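Taking it in order: structure first as structure tokens, then the write-up.
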Amino acid sequence: MKPLFFKKMIILPGILMYLLLTSHTVLSQTNPTIKKAGNLRLEKLIVTVRTTVEEGMTSLDSIDDNYLTKLSGLVNYDRAYLSKASEKQFFSKGALDSLRMPKMNRELKCLSEALYFEARGEQIEGQIAVADVIINRKVSKRFPNTICGVVSEGSHKRNACQFSYNCDGKLELIYDKKTYKRIVKLSSMILNGAFSDVTNGATFFHASEVSPSWSKKFKKTRKIGRHIFYKN
């Protein structure tokens, strides 16, 4: 049945077009006045379309590139192509404040808490970088395959876990609600693939004021904010 249906879909428009052209030819031959009027209407239509297109192109040329970048959503969805100036102008804490809170789930909660306790004092790029490490670990076979598994790895060992806030013996409470809401929104965007990896594949990081022994064994990829990033 389906091939027959598609054949009808292809043939019927062809038949209709043939009938229209045939009727137009017959009318044109029998009545030169109708033919002339039809040609005039076609010429007017072409001129109108051409004028509209030209005016539209002129209007587009006059639009500021930064405005088009903002309008397209590029700033929110691929930082790899952004300049520092456009990032400061359009992707900011204010931009995060304007977004709605996403629906919370376990993975989003785990990532948001990790960024809050590990990187809330960092600029947005620094927070994205810490998130990249967590996600890079998740996709690596050497670490747990969930966000929650990654951030809680080794949490049962005092001062020996992968993310220090999980095993430093301190009660971790979220006091800065405004910052936390921004981080939740940012985390949701990250989990939905909104950003390129800014760490060049890092799976480890540490604060710049310390120098752990393991850092000498791995390749340094970047320094972002107060964190240094590595991959092995």
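One line per residue, one yes/no per condition, for (1) within 23 Å of ARG226 (Cα to Cα); (2) in contact with a Phe, Trp or Tyr (Cβ under 8 Å, 6 or more places away or on another chain); (3) modelled with pLDDT under 90:
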residue: SER98; (1), (2), (3): no, no, yes
residue: MET101; (1), (2), (3): no, no, no
residue: LEU111; (1), (2), (3): yes, no, no
residue: LEU115; (1), (2), (3): yes, no, no
residue: ALA129; (1), (2), (3): yes, yes, no
residue: ASN145; (1), (2), (3): no, no, no
residue: CYS148; (1), (2), (3): no, no, no
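Given the criteria closer than 24 Å to SER208 by Cβ, among the hydrophobic types (A, V, I, L, M, F, W, C) and under 21 Å from the mean Cα position of the chain (by Cα), does ILE147 qualify?
So ILE147 does not fit the description; no.
For region 135-142, indicate whether the set of residues that are buried (at least 21 other Cβ atoms within 10 Å of the Cβ), over 25 Å from LEU96 (Cα atoms) and at pLDDT 90 or above is non-empty.
Looking for residues that are buried (at least 21 other Cβ atoms within 10 Å of the Cβ), over 25 Å from LEU96 (Cα atoms) and at pLDDT 90 or above, one finds at least one in region 135-142, hence yes.
Is it the case that region 151-169 has a residue that's charged (D, E, K, R), surrounded by fewer than 18 Cβ atoms within 10 Å (Cβ to Cβ) and either at pLDDT 85 or above or touching a strand residue (DSSP E or B) at 6+ places or on another chain (Cβ under 8 Å) (or both)?
no
Which of the residues that make up region 193-206 are in contact (Cβ under 8 Å) with a residue 40 or more places away in the chain and either in a strand (DSSP E or B) or over 21 Å from the mean Cα position of the chain (by Cα) (or both)?
THR203, PHE204, PHE205
Residues being touching a residue at least 24 places away in the same chain (Cβ under 8 Å), more than 19 Å from LYS138 (Cβ to Cβ) and more than 24 Å from the chain's Cα centre (by Cα): count how many of those fall in region 207-232.
Adding up the residues that qualify gives 1.
The values are calculated or read from the model by the stated rules, or taken from the named source; none is laboratory data. Quantities reported herein were computed from a predicted structural model and do not represent experimental measurements. Every residue, glycine among them, receives a Cβ derived from its backbone with ideal geometry; neighbour counts consider all protein chains shown.
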